[in-house]
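Reviewing the structure listed below.
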Amino acid sequence: MTIIYVIAGAAVLWVIWTYNSLIRLRFRAKEALADIDVQLKRRYDLIPNVIETVKGYMQHEKTVLENVTKARTQVMGAGGDLLDPKRENAENMLSGTLKTLFAVAENYPDLKANANFLDLQRELADTENKIQAARRFHNTMVRDLNTKIHSFPTNAVARVFRFHEQKFFEVATAEEKEPVRVKL
């Protein structure tokens, strides 16, 4: 009879441990998605500073500045779900307009030499790298969680407690896969 209690106790402890490990992975995946959001917010906050710095130099390139501002506004209004296709498309458009802005900036030697602009350009490049790192970390956490959800015998606990597969952060277009190029 003692052996049955020991086995039952071990089974209960294993279920508790498995449940807690699934919870831990779920929250790490959510945290990783929030980290992406933090870096995207950092990018949005930098964009107005870049635009103000560039305005004085680029009187003839008003359309480019308007497109960056429009793209930023669309992202801000696209909703909070980073995995929503509408939000992903808006993020892609913003990345594209930033690339255009920096390509046009190459035609303005005074602007390229402006210390404030160079600092902002470096900050945006750094932010783009952090966004990529946060996306990779999120996908790692989602991979680990999804693997556990589908692996035996953890899948039995996941099914009982209604754990569902999480969605990877994926980029919709090949253009978005390219980082913003900053030439100094």
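Answer yes or no as to whether PHE152 is surrounded by fewer than 18 Cβ atoms within 10 Å (Cβ to Cβ) and touching a residue at least 60 places away in the same chain (Cβ under 8 Å). No. Scan the stretch 13-28 and give yes if some residue there is farther than 23 Å from ALA158 by Cβ, among the aliphatic types (A, V, I, L, M) and in contact with a helix residue (DSSP H, G or I) (Cβ under 9 Å, 6 or more places away or on another chain), otherwise no. For the stretch 13-28, residues farther than 23 Å from ALA158 by Cβ, among the aliphatic types (A, V, I, L, M) and in contact with a helix residue (DSSP H, G or I) (Cβ under 9 Å, 6 or more places away or on another chain): absent. Highlighted here are the helices (runs of 4 or more DSSP H) found entirely within the stretch 68-184 that include at least 3 residues which are at pLDDT 75 or above and of a type outside the set (A, V, I, L, M): 85-105, 115-150, 154-160.
The values are calculated or read from the model by the stated rules, or taken from the named source; none is laboratory data. From a predicted model like this one, the values you see are computed outputs, not experimental measurements. Don't worry about glycine lacking a Cβ; one is built from the backbone with ideal geometry, like all the others, and counts go over all protein chains shown.
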